[in-house]
1. Given the Cα-Cα distance of Asn83 and Thr16 and 0.36 nm per residue of separation, how much length would full extension add, in nm?
2. Using the basic label-point model (7 angstrom from Cα toward the beta carbon), what is the Leu56 to His118 distance in nanometres?
3. Grab the DSSP H runs of the chain that are 4 residues or longer, score each as -39,500 (n - 2.57), total them, divide by all residues and round the 222 nm result to the nearest 500 deg cm²/dmol.
4. Once you list every other residue whose beta carbon is under 14 Å from the beta carbon of Ala46, what net charge do they have if Lys and Arg are +1 and Asp and Glu are -1?
5. Name the aspartates and glutamates eligible as straight-distance cross-link partners of Lys120: C-alpha to C-alpha under 18 Å, and not fewer than 8 places from it in the same chain.
6. Which whole-number percent is the relative contact order of region 2-124 (Cα, under 8 Å, 6+ apart)?
7. Rounded to whole Å and ordered largest first, report the semi-axes of the equivalent ellipsoid of region 2-124 derived from its Cα gyration tensor (root of 5λ).
8. Considering the chain as a Gaussian network with a 10 Å cut-off on Cα pairs, which listed residue, Thr80, Thr115, Thr92, attains the greatest mean-square fluctuation?
Amino acid sequence: MKRAKQNGFVLVLVITVLALIGVEMFILAGGSNIILFQANNSYLTACERNLIESGLAWAEKNIKKNSKETFAKSINLDITGMNIGRAALSVTVNAPENEEAEVEINACCSRGRQTRNHKKKYLVGP
């Protein structure tokens with residue numbers, strides 16, 4: 001008779017331990033989603049900054065090379081060498097003579113369900 005009571009106690013103990021493990025995994029899964037979101041956000045921020053700096057460097061190089069020209073054109077740059085998946089970079093340069101050039105950078109990158117878009121104008125000296 002004592003044996004039946006002991007077996008029932010062990011069964012209740014195992015069920016309780018499994019329930020506690022389930023609750024703990026539920027809590028940790030929510031935390032891991034937050035960590036994954038923050039990791040993707042940091043990656044996208046770094047990619048966005050790299051794209052902006054690349055666009056500005058390209059614009060400065062081409063403005064100095066063509067400093068005698070006045071041009072207003074938009075160019076989609078090839079960024080496959082940067083190894084950034086699902087990204088695009090477009091640079092528009094307005095360079096009036098004897099003035100600072102205005103460069104508009106359009107950068108877009110995405111990862112997972114997050115997307116970062118950047119559209120801003122910068123002044124670049126000759």
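1. Values: separation 67, 0.36 × 67 = 24.12 nm, distance 4.90 nm.
Here the answer is 19.2 nm.
2. 0.9
3. Estimated from H runs of four or more residues: -19500 deg cm²/dmol.
4. That works out to +1.
5. Glu48, Glu53, Glu60, Glu100, Glu102, Glu104
6. It rounds to 21 percent for region 2-124.
7. Over the Cα atoms of region 2-124, the ellipsoid semi-axes are 60, 10, 8 Å.
8. Of the options given, Thr80 has the highest mean-square fluctuation.
FYI, it's all coordinate maths here, none of it is from the lab. What you see is a predicted model, and the numbers here were worked out from it, not measured in a lab. Virtual Cβ from ideal backbone geometry, glycine too; neighbours counted across all protein chains shown.
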